[in-house]
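The block underneath contains the structure these notes are about, expressed in structure tokens.
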Amino acid sequence: MIGIIRRFINKFFNGLFKKKKHIKLGLYGPPNGGKTTLANRICKDWLGEEMGKVSNIPHETREIQIKEQIVIKSGGKELSFNLVDTPGIATKIDYEDFLKSGMKEKEAKIRAKEATKGVIDAIRWLDDMDLVIVVLDATADPYSQVNITIIGNLQARDIPVLLVGNKVDLKRAKLKRVQSAFPQYNLVGISAKYGNSMEEFYEALFKIAS
């Protein structure tokens, strides 16, 4: 009798899990790491359209952007999710940094205010994420205060993470340095701009999501 009850309970909860058709997948990382470029690559691969605007100016993405019901397939498997592209996380945002990009003072102050709000919103949204992709520039030093802050917030929430080392098309990219900085996570190196190693990325995503 106890065995029958256990099988019923297991079947019930397994059924509930399978009925969860969509997961919330968040893209996080510092400014200019390539989050939106990766979001655009994913959307073009599976939806035939881009998600957001890309720029060399930091904090181009200042609001949460969502693309719903993306379905990807790999190795006979299928994964459905809502993709959430978040503003770049920064520990400090100074309007003077935008002046260096050629903005006028009034515009720079507005951009800094919007970027600050975007960071706050991005951190709040972590509580709603089922899985997070952390996108880091593989040519930059991974041992930064921003990266440590991002990883710390994820570990505190015990959210599954896939670490992406972006811009591997550049000679300065050093994936081993990124992996040594955060050995607790699986790492895949890609070029979101040119689509390099995207198959490996999707396969890694399936492993983390399963």
Unmet requirement for residue 54, which otherwise passes all of (1) within 21 Å of residue 195 (Cα to Cα); (2) at pLDDT 80 or above; (3) of a type in the set (A, V, I, L, M, F, W, C): (2)
Complete set of residues in region 110-132 that are in contact with a strand residue (DSSP E or B) (Cβ under 9 Å, 6 or more places away or on another chain) and among the basic types (Lys, Arg): none
Test: residue in region 144-159 that is more than 13 Å from residue 28 (Cα to Cα) and in contact with a strand residue (DSSP E or B) (Cβ under 8 Å, 6 or more places away or on another chain): no
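Consider residue 67 carefully, then state whether it is basic (Lys, Arg), modelled with pLDDT of 75 or more and assigned to a strand (DSSP E or B).
Working: basic (Lys, Arg): yes; modelled with pLDDT of 75 or more: yes; assigned to a strand (DSSP E or B): yes.
When the stated conditions are applied, residue 67 passes them.
The values are calculated or read from the model by the stated rules, or taken from the named source; none is laboratory data. The structure displayed is predicted, hence computed values, not measured ones. All Cβ positions, even for glycine, are placed from backbone atoms using ideal geometry, and neighbour counts span all protein chains on display.
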